[in-house]
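Participant: The structure follows.
The values are calculated or read from the model by the stated rules, or taken from the named source; none is laboratory data. Just so we're clear, the structure is a prediction, and the values are computed from it rather than from any experiment. Here Cβ is always computed from backbone atoms with ideal geometry, including for glycine, and neighbour counts include all displayed protein chains. Surface areas here come from the heavy atoms of the whole protein model, side chains and all, with no ligands, DNA or RNA. Shrake-Rupley method; radii C 1.70, N 1.55, O 1.52, S 1.80 Å.
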Amino acid sequence: MDEHVCQSCGMNMKSLADCGTNPDKTSNSEYCQYCYQNGAFTRDVTVDEMVETNLEYLDHWNEETGNSFTVDQARPLLREFLTTLKRWNQ
């Protein structure tokens with residue numbers, strides 16, 4: 001599988017196991033398993049709530065990417081990025 005970015009949270013999906021599922025249980029490569037299961041979003045959240053959820057994983061993301069963003073630095077950048085994704089750009 002080519003790497004895709006979840007169109008809800010922005011997570012890199014590197015394998016089919018990372019993908020969400022459609023109502024018929026087939027893989028959905030637009031959304032990750034944490035955001036989308038059985039053809040529906042797993043959480044009813046706003047983009048700002050998704051930003052705050054993602055910030056909980058900032059240390060991991062910084063480590064993975066070699067960045068050193070603080071929460072205050074990352075918050076506006078993350079919001080700007082998320083609003084380009086399908087879920088938030090409709």
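Participant: For residues that are of a type in the set (S, T, N, Q), open to solvent by 60 Å² or more (accessible area, probe 1.4 Å) and not in a loop (DSSP other than H, G, I, E, B), tally how many sit in the range 1-28.
Facilitator: 2
Participant: Restricting the search to the range 41-90, which residues are in a helix (DSSP H, G or I) and open to solvent by 100 Å² or more (accessible area, probe 1.4 Å)?
Facilitator: Matches in the range 41-90: ASP59, HIS60, TRP61, GLU63, GLU64, ASP72, GLU80.
Participant: May I ask you to list pairs of residues, at least six apart or on different chains, whose Cβ atoms are under 7 Å apart, with the first in the range 45-71 being farther than 16 Å from CYS9 by Cβ and the second being surrounded by 15 or more Cβ atoms within 10 Å (Cβ to Cβ)?
Facilitator: Note: pairs meeting the criteria are ASN62/PHE69; PHE69/LEU58; VAL71/LEU55; VAL71/LEU58.
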